[in-house]
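Worksheet: one structure, shown below.
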Amino acid sequence: PQKVYDKVFYGNSVVISAFREQESNSGYINMGMDYATISDLYKILDKKLIQVDSDLVVGVNYLSFLDTFDTNPTYPWHRKGYEPYLYFQRDRLHKLITTGLENVLKGEKFVTKRYTELDRYVYHGVLSDEELDKKIENYKNLYWNKGIEYYEKNFKDLQRLVDYCKEREIRLRLIFLPWNDYIAKPENVVAVEVKTKGILDRNNIEYIDFEGVYSRDYFHDLGHLNYEFGAVEFTKEIDKWLNQD
């Protein structure tokens, strides 16, 4: 919270793997987080957990707006105002204590590594047809059967995010992240994108859509670009847009 970040590129695990910050000359930091939603971002900014100075770019797909999307329960903004900190952190503290005692018994330091569950992962290679088909069936059961009513909270927080940035003169832009054309977009995914673009258009927020830009070889699975190929090309292309005045 003490540091002010000039330019931030926020998003879910797709952004983690797709934007190779070290190869970008845009000056944006990769603020990708697993299971990240628009509501998460608004809470982070509203609670002043991160401060953005001039530019905020948000990479989105339909999961960025899903109100029931599973998230990491240890993210600090999930703690209720009435919930004691030690109770909120009980699972992490239990793991820390038990692991620490095991380390001491082995002659090591009590704490050897912290917050391993918050490590950020990138994706390599390309899944086979069989592996992709399994993912498709899983996504159909988990996500692609949910109507637009499952996205309302995040849509409201998108408007709050727009207002937050306008009040602080932060330039806000959005990127609709790539989709693997191995399967056509389900109706609810399209509906979410249409509603999102409507909110952005009404508020004169600039966005770019990467639908249909990359072939299957660039993807690890349905949405994550592979780090060694897709992410390299994505970073090159998105830098041109990020550097626009």
Residue in the stretch 121-142 that is surrounded by fewer than 17 Cβ atoms within 10 Å (Cβ to Cβ), of a type in the set (Lys, Arg), over 30 Å from Gln244 (Cα atoms) and under 17 Å from the mean Cα position of the chain (by Cα) present: no
Only one of Asp157, Asp217, Asp163 that is of a type outside the set (S, T, N, Q) and over 25 Å from Ile50 (Cβ atoms): Asp217
Qualifying residues in the stretch 7-32 (those that are β-branched (Val, Ile, Thr) and in contact (Cβ under 8 Å) with a residue 40 or more places away in the chain) - the one surrounded by the most Cβ atoms within 10 Å (Cβ to Cβ): Val15
All positions within the stretch 33-49 that are over 19 Å from Trp179 (Cβ atoms), of a type in the set (A, V, I, L, M) and either crowded, with 17+ Cβ neighbours inside 10 Å or modelled with pLDDT of 95 or more (or both): Met33, Leu41, Ile44, Leu45
The one condition in (1) touching a strand residue (DSSP E or B) at 6+ places or on another chain (Cβ under 9 Å); (2) part of a helix (DSSP H, G or I); (3) of a type in the set (Phe, Trp, Tyr); (4) over 26 Å from Val126 (Cβ atoms) that Phe234 fails to fulfil: (4)
The stretch 30-78, residues that are touching a Pro at 6+ places or on another chain (Cβ under 9 Å), among the polar types (S, T, N, Q) and either part of a helix (DSSP H, G or I) or over 22 Å from Arg168 (Cα atoms) (or both): Asn61
Filter pass, Tyr151 being open to solvent by less than 60 Å² (accessible area, probe 1.4 Å) and within 30 Å of Glu228 (Cα to Cα): no
Residues (open to solvent by 60 Å² or more (accessible area, probe 1.4 Å) and within 21 Å of Gly11 (Cα to Cα)) located in the stretch 160-180: Arg160, Asp163, Lys166, Arg168, Glu169, Arg171
Options Val58, Val15, Val52: the member that is under 19 Å from Val122 (Cβ atoms) and not hydroxyl-bearing (Ser, Thr, Tyr): Val15
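The values are calculated or read from the model by the stated rules, or taken from the named source; none is laboratory data. What you see is a predicted model; the values in this text were computed from it and never measured. FYI the Cβ positions are ideal-geometry reconstructions off the backbone, even for glycines, and counts take in every protein chain you see. Calculation scope for accessible area: heavy atoms of the full protein, side chains included, ligands and nucleic acids excluded. Shrake-Rupley method; radii C 1.70, N 1.55, O 1.52, S 1.80 Å.
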